[in-house]
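Below is one structure; the comments refer to it alone.
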Amino acid sequence: MTETTTSLREIGNKFFKEKRLNLAIENYNKAIEFDPSDYQSYTNRSLAYFQKKEYENSLEDSKEAIKINPQWDKAHYRYSMALKQFNRLDESLRSLYIIYNRFYNSTNNNNTTTSSNSNNIDINLITKEIDNIQKLLISNRYSKDIISQSETFSNSINANVKVDYINANLGKSVFLIKDITNYNQPLISENPLVSNLSSLYFDENYKSCFHCLKSIFVNESCYGEKMKKQKELFIEKPSFTCDKNCKFEVYCSENCKNEAWKQYHNLLCPNYDLILKLYGFCRIKNQIFPLVIMKMLAIVLNDLKNNKKSLEDSLSPFTSFQYDLSDSILSDDQLIAYAFIIDIFKSILKEKNDEIIFNQLINKERYYQFNSILKLNSSDVQPLSILEELIDNKVSKAGIKETNIKIGDEVIEIDSIGEFLEKNKLPTISIKGVGLYRVINSINHSCEPNVFCSFSKNDHSMTIYPTPKMQLKKGQEINISYINEDLPFSQRQKLLKENYSFNCNCKKCKNKE
């Protein structure tokens, strides 16, 4: 590169800073005439064309700069921004990931933490732009109403509603597609995208399905003295163990075992020695999100490797949810859990050609993103206990005139079942966990909810019912309450801000009721 070329480019840069774009382009032209391999002038001219909204020229210049120097990250960034203008979002995202992966490979090899040595690219800018384009991709998907056509809506119950993407600020929400007249029937019944048992239930007193969270057996020591006599409660249901490597996970059926294997367990199973260490840590620290995140990453990876989906499509079931990366600092416990997950996925992605996938998927930013998605969107899961399931079965079989049911030698008044469960502190024997529901977790909050959630089965499925006496019309948005809506206004606002990062503007809150 000659001094003349450098001098002409610097003159072009001066004119660009003064926003005299035509003069800047003239000098970049001259620099390229002197040296056709001057990729920096191509890159700078690409930006000048971009500022003039001549996006085709901007695209061609950045493409030429990449051809001359494929390692020049600024050209990849300019190329990505030009592609974005033509709504070629998948290509734009891939170009950004070239920079992103090179930066983290450089970080791993050289312990650099700020920017690429040769390009001086701000990795925070790249990460932010990746997030922006992913949001646009999600918006496009929802605008085509893909969710309403998915298998989630394949039954008659879920045909009551649709999910619509509103915008980047409001996200998506759930709307009725017909008037609701029968308030005793459920609106939605849904299995989660992912769920996991709380680590507190990984001991000899409980046996539960690792896939659907169904209670298979609860030791009589978990019950009060009076209920220990009720032998009907302690008939252990059939269970199925993983017959591959881990011999640890238990399932309630062959179907759950096969579904777990197909979706994620085929990747996790060979590495169960490492996974058991994460289970142990989560049990000590009473954490559950790291276990759910591990399963989310395995589901994405399974779609990438085994189902041959793109990274964007593999991530979109999860990244379509709201998340907040504004304060992405991991606590000490989160960092330890993240380190366990790094070891687990290093063991899974150990082939040389897996490096790119590992860098794109297994990093602190992704871990924090998934943690934020769970924090802001997931639901606590509390399936019916074995006792509640037994009570439901007996009540459903009771005659119209019967007022009592019998469990062992215990007689329970049908109208007083709730009081009986509370009095005997029996809710404590219910299995608990966390689930992320594609449709139900898309329902927005209101302190005057027109629907409510229920776990009416002994598994992780959740059901939404209409709130009695609330009018539900076609086109209306449905809302649940994320908190106890009977709390005073100030307490509700505080809880919603701390736990979900928003201020409620429902009618009740506007009136400060």
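Side notes on the structure shown:
- Members of the range 248-261 that are free of Cβ contacts under 8 Å to residues at least 24 places away in the same chain and either surrounded by 14 or more Cβ atoms within 10 Å (Cβ to Cβ) or basic (Lys, Arg) (or both): ASN258, TRP261
- Just one of the listed residues (ASP303, ASP313, ASP332) is surrounded by fewer than 18 Cβ atoms within 10 Å (Cβ to Cβ), farther than 18 Å from TYR97 by Cα and not hydroxyl-bearing (Ser, Thr, Tyr), namely ASP332.
- Output for the range 359-381, where each listed residue is modelled with pLDDT of 90 or more, under 15 Å from SER442 (Cβ atoms) and out of contact with any Cys (no Cβ under 8 Å at 6 or more places or on another chain): ILE373, LEU374, ASN377, SER378
- When GLU388 is tested against (1) surrounded by 19 or more Cβ atoms within 10 Å (Cβ to Cβ); (2) of a type in the set (Asp, Glu); (3) under 25 Å from SER92 (Cα atoms), only condition (3) is not met.
- The number of residues in the range 219-233 that are of a type in the set (Gly, Ala, Ser) and outside any helix (DSSP H, G or I) comes to 1.
- Residue selected from the range 121-169 under the condition over 19 Å from SER316 (Cβ atoms) and part of a helix (DSSP H, G or I), by the criterion modelled with the lowest pLDDT: ASN158
- Some residue of the range 471-486 being over 29 Å from LEU200 (Cα atoms), of a type outside the set (Asp, Glu) and not in a loop (DSSP other than H, G, I, E, B): yes
- Pairs linking a residue in the range 381-402 that is under 15 Å from HIS460 (Cβ atoms) to a residue that is among the acidic types (Asp, Glu), with Cβ atoms under 8 Å and 6 or more positions apart or on different chains, are PRO383/ASP459; LEU384/ASP392.
- Any chance VAL395 is surrounded by fewer than 21 Cβ atoms within 10 Å (Cβ to Cβ) and either hydrophobic (A, V, I, L, M, F, W, C) or within 35 Å of the chain's Cα centre (by Cα) (or both): yes
- Picking from residues in the range 239-258 that are among the acidic types (Asp, Glu) and under 23 Å from LEU274 (Cβ atoms), the one that is modelled with the highest pLDDT is GLU249.
- From the list LEU274, LEU268, LEU278, the one residue that fits, being in contact with a Pro (Cβ under 7 Å, 6 or more places away or on another chain) and aliphatic (A, V, I, L, M), is LEU278.
- Scanning the range 487-505 for residues that are in a helix (DSSP H, G or I) and either in contact with a helix residue (DSSP H, G or I) (Cβ under 7 Å, 6 or more places away or on another chain) or surrounded by 15 or more Cβ atoms within 10 Å (Cβ to Cβ) (or both) yields PHE489, ARG492, GLN493, LEU495, LEU496, TYR500.
- Residue count, the range 175-219 (criterion: touching a Lys or Arg at 6+ places or on another chain (Cβ under 6 Å), loosely packed, with under 15 Cβ neighbours inside 10 Å and under 19 Å from LEU387 (Cβ atoms)): 0
- Any hit, the range 422-436, residues being in contact with an Asp or Glu (Cβ under 7 Å, 6 or more places away or on another chain), part of a strand (DSSP E or B) and under 25 Å from SER481 (Cβ atoms): yes
- Number of residues in the range 15-39 that are surrounded by fewer than 23 Cβ atoms within 10 Å (Cβ to Cβ) and under 17 Å from ILE68 (Cα atoms): the value is 7.
- Qualifying residue in the range 43-58 (condition: crowded, with 24+ Cβ neighbours inside 10 Å, of a type in the set (Gly, Ala, Ser), farther than 17 Å from GLN85 by Cβ and assigned by TED's automatic domain parsing to the domain that holds ASN87): no
- Candidate set from the range 453-470 (those that are buried (at least 16 other Cβ atoms within 10 Å of the Cβ) and part of a strand (DSSP E or B)); member that is farthest from the chain's Cα centre (by Cα): PRO466
- Restricting attention to the range 26-65, the residues that are more than 45 Å from the chain's Cα centre (by Cα) and of a type outside the set (Phe, Trp, Tyr) add up to 9.
- Long-range neighbours under 8 Å by Cβ, at least six apart or interchain, first residue outside the structural domain of THR319 (by TED's automatic domain parsing) and buried (at least 21 other Cβ atoms within 10 Å of the Cβ) within the range 434-450, second among the basic types (Lys, Arg) and part of a strand (DSSP E or B): SER442/LYS172
- Boolean, ILE417 is modelled with pLDDT under 85, hydrophobic (A, V, I, L, M, F, W, C) and more than 26 Å from GLN493 (Cβ to Cβ): yes
The values are calculated or read from the model by the stated rules, or taken from the named source; none is laboratory data. Remember, predicted model here, so these are calculated numbers, not experimental data. So basically every Cβ, Gly included, is an ideal-geometry build from the backbone, and we count neighbours across all protein chains shown.
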